[in-house]
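Taking it in order: structure first as structure tokens, then the write-up.
The values are calculated or read from the model by the stated rules, or taken from the named source; none is laboratory data. Since the model is a prediction, treat every value here as computed from it, not as a measurement. Note that we place each Cβ from the backbone using ideal geometry, even for glycine, and neighbour counts take in every protein chain shown. Just so you know, the surface numbers come from the protein's heavy atoms only, side chains and all, with ligands and any DNA or RNA stripped out. Shrake-Rupley method; radii C 1.70, N 1.55, O 1.52, S 1.80 Å.
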Amino acid sequence: MFIKTLAVGHLETNCYIVGNEDLAQCAVIDPGDESNTILDYIESNHLTCTAILLTHGHFDHVGAVETVQEETGALVYLSDKDDKGGHSHAYPYTPNAMSKYYDDGDVVETAGLSFRVIATPGHTPGSVSLLCEDSLFTGDTLFRGSCGRFDLEGGDEDAIMHSLAKLCALDGDYDVYPGHGDYTTLHRERSFNYYCREAAKLKHLEVNP
């Protein structure tokens, strides 16, 4: 498995291209903007995009979804809890016939890879994290040294703290790829992230990756 990070848009959202070199296939996580940048990388590396996975429905994570989907024919996966039908500035993506909903515990098999869905609401009602091998894609739930905002439309402070507790209760360590900012590890965030340390005081939720 390989992971390519593209920081796209004026909010520098991390779009991840997660690929299988043997199959020359990939999944795209959170194509938030700059569809040309994303598509150019896929084309120049002779990859076939088989799925688009959304950690949540905010505009800075879905801005290039429609174009990437049209050009690649890939299925789009998202939580139905963030499906606002395109009637909200915050949630502008409208699912179509090539969209599928996923929820906690679902596994998406694509590009020769398995992505386990972990529901992590709080930043938005439908926020999810995606676990693939030893990598955890956390969207705007968990950042290096911080966590996502919960004062926006659909945000919930209690929910995001329980989501952080859920992630920190995962067995072992994982490389963490957040929706913005630098890469980190789950061990580092358990040890030094104030929000994770506060979340650890809550009842841990069992998650079997």
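Summing charges over all other residues whose Cβ lies under 12 Å from the Cβ of Thr72, with Lys and Arg as +1 and Asp and Glu as -1, gives -4.
The convex hull of the Cα atoms of the stretch 117-209, projected and averaged over all directions, covers 5.1 nm².
Highest mean packing comes first when the peptides 168-180, 137-149 are listed by Cβ atoms within 10 Å, giving 137-149, 168-180.
Around Gly179, with a cut-off of 9 angstrom between Cβ atoms, what is the net charge of the other residues, counting Lys and Arg +1 and Asp and Glu -1? Once all neighbours under 9 Å are counted, the net charge is -3. Work out which GluC sites (Glu not before Pro) in the chain are exposed loop sites (DSSP not H, G, I, E or B, at most 15 other Cβ within 10 Å) and give the longest gap free of them. Maximal segment without exposed cleavage sites: 22-132. Each Cα pair of the stretch 1-134 feeds into the Kirkwood radius, which the Stokes-Einstein equation turns, at 37 °C and 0.692 mPa s, into a diffusion coefficient of 226 µm²/s. With Cα atoms defining each centre, the stretch 9-88 and the stretch 183-204 are spaced 28 Å apart in the structure.
Per residue, the accessible area of the chain comes to 45 Å², computed with a 1.4 Å probe over protein heavy atoms only. Using a probe of 1.4 Å on the protein chains alone, the accessible area found for Tyr194 is around 140 Å².
Look at the alpha carbon pairs under 8 Å that are at least 6 residues apart: their mean separation over the length of the stretch 143-189 gives a relative contact order of 43 percent.
Ile42: net charge of surrounding residues, Cβ under 10 Å, Lys/Arg +1, Asp/Glu -1, itself excluded? Summing Lys and Arg as +1 and Asp and Glu as -1 gives -2.
You can think of it this way: the chain between Asp182 and Asn96 has 27.7 nm of extra reach, that is 0.36 nm per residue less the Cα-Cα gap. Rounded to the nearest 10 square angstrom, Leu11 shows an accessible area of 80 square angstrom against a 1.4 Å probe.
With contacts taken as Cα pairs under 8 Å at a separation of at least 6 residues, the stretch 83-182 carries a relative contact order of 22 percent.
Here the contact order of the chain, divided by its residue count and restricted to Cα pairs under 8 Å and six or more residues apart, works out to 14 percent. With the largest listed first and rounded to whole Å, the semi-axes of the equivalent ellipsoid of the stretch 90-147 from the Cα gyration tensor are 19, 18, 9.
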